[in-house]
1. For the protein assembly as shown, rounded, prolate or oblate, judged on the Cα gyration tensor with a ≥ b ≥ c (square roots of eigenvalues), a/c < 1.5 rounded, else prolate if a/b > b/c?
2. Run through every distinct alpha carbon pair of chain B and return the Kirkwood hydrodynamic radius in angstroms, one decimal place.
3. With angles folded into 0 to 90 degrees, how steeply does helix B:168-179 sit against the dominant principal axis of chain B? Use alpha carbons for both and round to 10.
4. Counting only DSSP beta bridges with both residues in chain B, what percent are antiparallel, rounded to the nearest 5?
5. Taking a label point 7 Å from the Cα of residue B:101 along the Cα→Cβ vector, which residues of the stretch B:334-359 have an amide N closer than 16 Å to it?
6. Filter A:306/A:339; B:221/B:321; A:357/B:26; A:306/A:357; A:26/A:339; A:88/A:332 down to the pairs with a C-alpha to C-alpha distance above 24 Å, please.
7. List, shortest first and in nm to one decimal, how far the label point of residue B:381 (7 Å from Cα along Cα→Cβ) is from its counterparts in the other copies.
8. Could you work out how far helix B:389-405 tilts from the main Cα principal axis of chain B, as a 0 to 90 degree angle to the nearest 10?
There are 2 protein chains.
Amino acid sequence: MNSEPHHVVVVGAGFGGLEFVRAIAKAPVRVTLIDQRNHHLFQPLLYQVATTSLATSEIAWPIRHLVRREQAVTTLLATVNGVDKENKRVLLSDGSRIAYDTLVLATGARHAYFGHDEWEEFAPGLKTLEDATTIRRRMLLAFERAERETDAAVRQALLTFVIIGGGPTGVELAGTIAELAHATLRGEFRNIDTRDTKVVLIEAGDRILPVFRPDLSDYAKSALERLGVTVELGRPVSACDATGVVFGEQRLAARTIIWAAGVAASPAAQWLDAEADRAGRVVVEDDLTVPGHPEIFVVGDTALAKRGDGRPVPGIAPAAKQAGRHVAATLKSRLAGDKARRPFVYKHQGDLATIGKRAAVIDFGRFSVTGWLAWWLWGIAHIFFLIGLRNRIAVALSWLWIYTTGQRSARLITQGRQSP
Amino acid sequence: MNSEPHHVVVVGAGFGGLEFVRAIAKAPVRVTLIDQRNHHLFQPLLYQVATTSLATSEIAWPIRHLVRREQAVTTLLATVNGVDKENKRVLLSDGSRIAYDTLVLATGARHAYFGHDEWEEFAPGLKTLEDATTIRRRMLLAFERAERETDAAVRQALLTFVIIGGGPTGVELAGTIAELAHATLRGEFRNIDTRDTKVVLIEAGDRILPVFRPDLSDYAKSALERLGVTVELGRPVSACDATGVVFGEQRLAARTIIWAAGVAASPAAQWLDAEADRAGRVVVEDDLTVPGHPEIFVVGDTALAKRGDGRPVPGIAPAAKQAGRHVAATLKSRLAGDKARRPFVYKHQGDLATIGKRAAVIDFGRFSVTGWLAWWLWGIAHIFFLIGLRNRIAVALSWLWIYTTGQRSARLITQGRQSP
């Protein structure tokens, strides 16, 4: 027996990386889990931090706490900036190197502006807790500035919120911001009526929620419109600055713009010098390994994995978790001496998106659920997927409170510039 | 009858300003409440945010939400940077001016370094939510760095936490950090044992909690020592830098230093060009007005008010609230035509401080309570003084969780540099 156990280095403790670590931890391996954050983030609810519904700590957990009982796992807070494939080493930003026998890259994605990086300043995206508190601050500051603004046109621009991108995140942001403006904040200002707020969701394609069935897209559009959201379809945004956006021929004056239109994978493909698609995802073999490197796996949003019909595996939490479990199973087989190739077969469980606090759409493929029942299913599912009893109780309490009172508890302007 | 109601401008929505506004809101006045933050902060529990026990949103509320039902009150998020006493105007940082008939300054205090402002960089203080998340980040990063540090001396410096100042905040920080290191984090690191952490509380005077009875100071010292805190008395800190502190003749290597030694009032005295004490507090008349300006009141930590025996009114929440209520009563009398001077008589209800999660000291003057009973009284009192049922439930849940599991839910490293 070898005295040094097989060493697995995992980069990224999102859904894919963490699921892999949990599945492999009891195998005869030593695991080093590296992340540049100290916390695992429950990204599906991040929009609720941005829109003042949840506190940051309700959707984030210290990574080392989540794996504390696994004695084989060492957690490192560190930034990876390269991989030396020949010598099987991960390079850290402080210059140190960590040798691996097997490498699992699960580094996720960032929002991408597709050649318009200059838009980021005006239209922040939503991937980290800091992104969420930045959007929260900008949104709340816009109302505060509007309260003091005497120029009617500027006031209307301050009360106009544009969300670019009609996927689930865009839909969820738009619906919640409309509720915040029309219900939560109503009656708290003296010089403005927050019901004058315009929330505009801009989608370049011909329908929102394009991965859903068309009738569900129509339902979601109607549900958003009932909440007071204006849905603009078929015209991509062509300009974006501090005073508004241009889409099609139209210029819309808006002081708060949020980007929910696209993501790009982390730089893992560059570290590996591997083939990547336009969004930066590493083109992997059917067993999620990097071509020519069976000891390197890529999972989650960083990988371009394929479904049976050739379509890419979507960049959602269940897909990353399935991939993490699959890689753990593959590695366990290998360590047991079974070198057979195990292709990853993604099982799509459905798509879901909420629209405010009373409606949601769930597309299970064969059937679908909409309306309040879908909202409750969505809520129960998300509380179930949260980690730990403590946060389940806390989030359930927060939602119960919002549901019954309309009040949101995390309306804080913190960090950055505080006052107008 | 005058068509323009009497206009009261209140600067600062801490305990004093908010209590004043609530007490005056039903009187025939118009109120403008100005704060440079959008939230009222429950400062007595701020140390619990710094030490990962509570989330920021559990101890902070949007000011305009707290006064939403008072139609006479307009809330402004703005920064005041001067007062024009002659023309009765408050000057805002954006150049605008707000006229007042009566002005109430309740602008609080900041931590002060008494001629050593260069220490702030190394020893942050605790007054705002950002201060708390900064201390939380530094503290958690120190453990993360220690986990990766190979030099034993540096590792020990990373695992040494110094709190300067033995008042209630210093005592509460020291006790909670000791619990965090010795219980909460225990078993989650692989290269360090967090029980090796040294927590040192440095107090220049000859006992901690100097405003308490001497036997209670002794009790608190023993209780801290039982938690593993080293209490250093009688030697003031004479130097402070990135690698440690010097007190008396001793140099102590420490990478995390927290300042809890002193505060100075906000610049209100400068705005008023009024007499101030060494800590910057405005010397006020016995009715809390500024000498020569009966239309300007100063309350809370910004004022140097006197007790019957000549000692200053302490800078604690109950004192600020009493002052706010007193000024509201004075103003109501004046508006009713009664110009009699009403001296402020401060009623001291007691002093309290917690030591970790099992002990506290409460000094009621005539009698005192220590130990677990004091802790429960302290906890119940603080939940009672929190604003709103929502936060009472949330904080009670957080404490119950910490009490029973030892786990703290807000162990997040956010903002600033994330990884070592």
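1. oblate
2. Taking the inverse mean of 1/r over all distinct Cα pairs, chain B comes out at 22.6 Å.
3. 30 degrees
4. 50 percent
5. B:334-339
6. Correct reply: B:221/B:321; A:357/B:26; A:306/A:357.
7. 4.9
8. Helix B:389-405 sits roughly 10 degrees off the main axis of chain B.
Any read-out appearing in this document is the output of simple, stated calculations on the displayed coordinates, not a laboratory observation. Remember, predicted model here, so these are calculated numbers, not experimental data. Virtual Cβ from ideal backbone geometry, glycine too; neighbours counted across all protein chains shown.
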